[in-house]
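Worksheet for the structure shown next.
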Amino acid sequence: MRVLVAGATGVIGRPLVGALRARGHEVSALVRESSRADAPDADGIVVADALDREALLSAVSAARPEVVVHQMSALRLLRDDPPEAFAQTARLRTEGTAHLVEAARAAGARRLVAQSIAFAAAPAGPPVLDEDAPLYVDAPDPGWAATVRAVAELERLVLDAGPDLAGAVLRYGTLYGPGTAYARDGGTGQRVLAGKLPLPEGGAGVTSFLHVADAVGAAVAAVESDATGVFHVTDDEPAPAAQWLPHYARTLGAPSPRTLPAALAPRLLGWFMTHQLTEARGASGERTRATLGWKPLRPDWREGLGRE
Ligand SMILES: NC(=O)c1ccc[n+]([C@@H]2O[C@H](COP(=O)([O-])OP(=O)(O)OC[C@H]3O[C@@H](n4cnc5c(N)ncnc54)[C@H](OP(=O)(O)O)[C@@H]3O)[C@@H](O)[C@H]2O)c1
């Protein structure tokens, strides 16, 4: 199949281009002018910024894709400029996705697969939720509420892309592995190594992890499937922070995380980290296993988190 990967220089996008080619697909990589020199090996390179509608329309039509994959984010900026990383990522999820849907339709693509996140659900109900759980669009933190609203808009745009453009949304769990925040040299890895990620009392927030290689594998499965809808892409072991954080610290060879009185957590950790470590819900991958026929090669984060 002819496949276009948008976000082809990213942590997921780059290995995805290689994985799709290894399966025999003809893959075009969409890159921005500024990262042209860093483009992956591909069957074709097309150049556009997704926020530039005209440029994107012409780049996508030049690639004539049957399937378009959206792996764009600006989260690489997280370390240096978090507000800009979130603002740009929200724009990519809303405006960028709208442009990509329009461009895919205009180019005659029949399928669109887009990256979303599996940790945007409102923290209500059981510790592990399926895809039908409401998103936390009314989170008390304005920054996270804006992020979740952008995620909801991306998903709406992809699922409502029209009768001729079938949409699949892959809600990835918390990524770990090379190039991610949880790699030894990533933002979270460095924070834990410095002993600066304490565990709020109880540590009941649940995280569903996903190795980056499994994020790539699930995207390949989604490209090759006809299934539409929203799919959690997570490993098999949703884990409360009280389990994963001390294990992760041990594996990294970091100091054991100290316990933080719950009342101090928001001030010391910020709203999002407190939410993640104390009340967030995990994401069940059952629907994905049944519908996409995909399962993780790394079903248990314990084997790899903190090792690479
Ligand atoms: N589920 C999760 O936990 C999750 C999900 C996503 C990301 N992350 C974290 O975020 C970090 C980066 O991962 P990532 O691969 O998503 O981000 P990334 O490395 O920033 O890759 C995103 C891709 O989007 C492209 N892009 C950005 N803005 C664009 C624009 N305006 N037009 C066209 N393309 C644009 C980038 O291209 P350029 O080369 O031109 O910048 C890049 O190819 C990692 O630490 C990862 O762990 C986590």
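The values are calculated or read from the model by the stated rules, or taken from the named source; none is laboratory data. None of the values given here were measured: they were computed from a predicted structure. A quick note on method: Cβ atoms are made from the backbone with ideal geometry, for glycine too, and the neighbour counts reach across all protein chains shown.
Take segment 111-143 and flag every residue that is away from the ligand (no atom under 14 Å from the Cβ), of a type outside the set (D, E, K, R) and not in a loop (DSSP other than H, G, I, E, B). Correct list: Leu112, Val113, Val128, Leu129, Leu135, Pro142, Gly143. Does segment 104-118 hold any residues that are closer than 22 Å to Glu224 by Cβ and not β-branched (Val, Ile, Thr), and which are they? Of everything in segment 104-118, those that are closer than 22 Å to Glu224 by Cβ and not β-branched (Val, Ile, Thr) turn out to be Ala104, Arg105, Ala107, Gly108, Ala109, Arg110, Arg111, Leu112, Ala114, Gln115, Ser116, Ala118.
When only residues in segment 48-65 that are near the ligand (Cβ under 6 Å from one of its atoms) and of a type in the set (A, V, I, L, M) count, which is nearest to Val31 (Cα to Cα)? Selected residue: Ala50.
From the residues in segment 8-35 that are polar (S, T, N, Q) and part of a helix (DSSP H, G or I), which one is nearest to the ligand (Cβ to nearest atom)? So, considering only residues that are polar (S, T, N, Q) and part of a helix (DSSP H, G or I), the one nearest to the ligand (Cβ to nearest atom) is Ser35.
Note on segment 283-295: residues that are touching a strand residue (DSSP E or B) at 6+ places or on another chain (Cβ under 7 Å) and in a loop (DSSP other than H, G, I, E, B) amount to 2.
Conditions (1) away from the ligand (no atom under 15 Å from the Cβ); (2) without any contact (Cβ under 8 Å) to a residue 40 or more places away in the chain; (3) part of a helix (DSSP H, G or I); (4) surrounded by fewer than 17 Cβ atoms within 10 Å (Cβ to Cβ), marked per residue:
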| residue | (1), (2), (3), (4) |
| --- | --- |
| Arg171 | no, no, no, no |
| Leu175 | no, no, no, no |
| Ala181 | no, no, no, no |
| Arg191 | no, yes, yes, yes |
| Val220 | yes, no, yes, no |
| Asp226 | yes, no, no, yes |
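Apart from one condition, Asp38 fits all of (1) more than 9 Å from the ligand (Cβ to nearest atom); (2) more than 18 Å from the chain's Cα centre (by Cα); the exception is (1).
Would you confirm, using the coordinates I've provided, whether Thr147 is assigned to a helix (DSSP H, G or I) and closer than 21 Å to Asp130 by Cα?
yes
For the criterion of being more than 20 Å from the chain's Cα centre (by Cα), buried (at least 24 other Cβ atoms within 10 Å of the Cβ) and modelled with pLDDT of 95 or more, Tyr248 passes.
Within segment 66-89, is even one residue small (Gly, Ala, Ser), assigned to a helix (DSSP H, G or I), touching a residue at least 60 places away in the same chain (Cβ under 8 Å) and more than 10 Å from the ligand (Cβ to nearest atom)? For segment 66-89, residues small (Gly, Ala, Ser), assigned to a helix (DSSP H, G or I), touching a residue at least 60 places away in the same chain (Cβ under 8 Å) and more than 10 Å from the ligand (Cβ to nearest atom): absent. For Ala103, the stated conditions do not hold, so it cannot be described as more than 30 Å from Trp271 (Cα to Cα) and within 8 Å of the ligand (Cβ to nearest atom). A Cβ distance below 9 Å, combined with a sequence gap of six or more or placement on separate chains, defines the contacts here; from segment 53-64, residues that are closer than 10 Å to Ala104 by Cα reach residues that are within 13 Å of the ligand (Cβ to nearest atom) and among the charged types (D, E, K, R) in the pairs Leu56/Asp49. Residues considered: Ala204, Ala166. Of these, the only one that is more than 16 Å from the ligand (Cβ to nearest atom), over 18 Å from Met273 (Cα atoms) and in contact (Cβ under 8 Å) with a residue 60 or more places away in the chain is Ala166.
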